[in-house]
Amino acid sequence: MLRAAFTLLLAACALAQGPIAARANTACARVDAAELERTVKDLVAFHTRHVASTTADDKTGTGAARAYLEQRLRHAGAAAGERLVVERKAYRVPSTRLRGDAEVVNVMTTLRGTTDPSRVYVIGGHYDSINADTRDSAGAAPGANDDASGTAVVLEALRALATEPLAATILFVCYDGEEMGLLGSAAHAKELADAKVNVDGMITNDIVGNTLGMDGKREARYLRCFSYAERGNDTAGRSLARVATYAVHAHVPEFSIRLVLRGDRYGRGGDHKSFFSAGFPAVRFSEAREDFSRQHANVGERDGQPYGDLPEFVDFAYLAKVCRANVATLIELASAPPAPTSVRARGARRAYDTTVTWKGVEAAASYELVWRATTAADWEGSKLLTKDEVRAERGQLAATLSGQCLDDVVVGVRSVSADGARSRVATPSEPDAFDMRR
């Protein structure tokens with residue numbers, strides 16, 4: 001186990017010297033905690049961003065917030081020139097929480113890919129907010145951490161990536177109506193699915209700025225990553241989550257991603273669920289230690305001090321690390337070729353070797369085999385394949401991993417670009433999966 005983990009560490013260190021690492025480091029260095037703080041405080045200043053709040057005021061309510069976000073997205077992505085499209089997308093949808101229809105408006109930017117624009121990644125955060133009364137559209141609902149923090153990450157990630165020549169397209173989306181039942185993301189995900197858009201991954205940032213736990217302890221070393229899985233631990237969503245752990249390990253060494261093999265916090269939901277339900281790989285980033293007592297709380301006092309979901313309780317240095325984690329993950333994914341398909345595996349009869357076969361990816365400069373114990377959450381070993389180690393086999397590509405017994409490990413393969421960017425890992429199906437009578 002230690003040897004395998006060391007192998008992966010060496011691979012990451014080798015990557016850190018490659019061209020993709022230089023680009024990722026440059027992009028991550030553009031992330032500015034002061035810009036994140038500005039965005040959070042500006043959004044809080046609108047008093048409420050409730051989906052049913054006023055749209056007739058230029059200083060208060062959701063209408064003012066939408067105008068602000070559109071202007072900020074244009075400014076953040078201006079360096080991208082003609083590759084950038086900023087728009088509002090409005091939907092009229094039923095809401096059981098509002099007991100009627102609601103108009104939700106997603107404010108979004110498309111950063112068009114250079115060589116593979118039809119492959120799309122989505123980064124989102126929701127800008128709407130509520131207080132203790134779900135239907136109170138006029139009372140104060142600052143929503144600094146839930147979820148001005150995630151919305152600020154979307155804007156700052158765009159600014160950091162705007163000048164990067166990314167192969168794939170990235171959508172930067174400020175979602176509306178999350179607090180009313182994931183309304184904006186559900187409408188958007190359905191629209192993308194109906195149009196058969198190739199969404200290879202979606203990241204939502206929701207409640208990502210707090211480090212002070214309810215027990216008085218701070219935790220700023222890592223970020224939690226949740227991912228849905230219909231069954232097993234090697235769905236496309238779980239594979240997407242493992243790209244995040246890899247990218248952060250390689251490009252944001254002072255930070256880490258902790259995989260939580262659960263769709264979301266227990267019994268709760270976020271905008272990534274809309275994308276999972278539409279058939280797209282999706283993950284949720286959330287801070288390490290949530291303070292539930294401040295979420296959706298009315299603004300008041302505690303121990304003589306202002307209390308609620310206020311900017312005073314957002315750790316902006318931590319939020320900058322969260323943003324860098326997003327930037328590292330997106331630059332890795334959007335620079336890499338697509339993941340391999342038609343992956344199969346077989347064990348050897350006379351040795352503890354495993355052979356993996358897959359359909360070749362035209363844009364891939366090379367491939368990498370990865371493996372882990374069946375009980376491990378993340379990849380423990382990797383082998384970058386040379387041209388001599390990849391062979392043709394019945395119309396597929398094939399490579400053999402020596403010394404790994406297929407009975408005991410999960411294996412997979414990922415595409416690697418000429419500059420070292422890694423795709424999601426594709427794994428073979430488990431042969432003994434079956435549906436049980438319920």
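Structure data summary
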{"quantity": "Lone qualifier among Arg294, Arg284 - being under 21 Å from Gly143 (Cα atoms), touching a Ser or Thr at 6+ places or on another chain (Cβ under 6 Å) and touching a residue at least 40 places away in the same chain (Cβ under 8 Å)", "calculated": "Arg284"}
{"quantity": "Within the range 216-238, considering residues that are among the small types (Gly, Ala, Ser) and surrounded by fewer than 23 Cβ atoms within 10 Å (Cβ to Cβ), the one modelled with the lowest pLDDT", "calculated": "Gly232"}
{"quantity": "Counted residues, the range 77-109 - those being of a type outside the set (Lys, Arg), part of a helix (DSSP H, G or I) and within 14 Å of Leu158 (Cβ to Cβ)", "calculated": "4"}
{"quantity": "All positions within the range 271-299 that are open to solvent by 10 Å² or more (accessible area, probe 1.4 Å) and either of a type in the set (S, T, N, Q) or touching a Cys at 6+ places or on another chain (Cβ under 8 Å) (or both)", "calculated": "Ser274, Ser277, Ser293, Gln295, Asn298"}
{"quantity": "From the options Ala189, Ala247, Ala241, Ala193, residue that is among the small types (Gly, Ala, Ser), at pLDDT 95 or above, surrounded by fewer than 22 Cβ atoms within 10 Å (Cβ to Cβ) and part of a helix (DSSP H, G or I)", "calculated": "Ala193"}
{"quantity": "Scan of the range 345-374 for residues that are open to solvent by 20 Å² or more (accessible area, probe 1.4 Å), of a type in the set (A, V, I, L, M) and part of a strand (DSSP E or B), ordered by number", "calculated": "Ala345, Ala373"}
{"quantity": "Yes/no for Gly213 being open to solvent by less than 10 Å² (accessible area, probe 1.4 Å), within 30 Å of Ser293 (Cβ to Cβ) and modelled with pLDDT under 95", "calculated": "yes"}
{"quantity": "Test: residue in the range 300-316 that is of a type in the set (Lys, Arg) and modelled with pLDDT of 95 or more", "calculated": "no"}
{"quantity": "Residue within the range 253-271 that is in a helix (DSSP H, G or I) and at pLDDT 95 or above present", "calculated": "no"}
{"quantity": "Some residue of the range 65-72 being over 23 Å from the mean Cα position of the chain (by Cα), at positive phi and either at pLDDT 95 or above or not acidic (Asp, Glu) (or both)", "calculated": "no"}
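The values are calculated or read from the model by the stated rules, or taken from the named source; none is laboratory data. Nothing here was measured: the structure is a model prediction, and the numbers come from that model. Note that each Cβ is placed from the backbone with ideal geometry, even for glycine, and that neighbours are counted across all protein chains shown. Accessible surface is based on the protein model in full, side chains and every heavy atom, while ligands, DNA and RNA are left aside. Shrake-Rupley method; radii C 1.70, N 1.55, O 1.52, S 1.80 Å.
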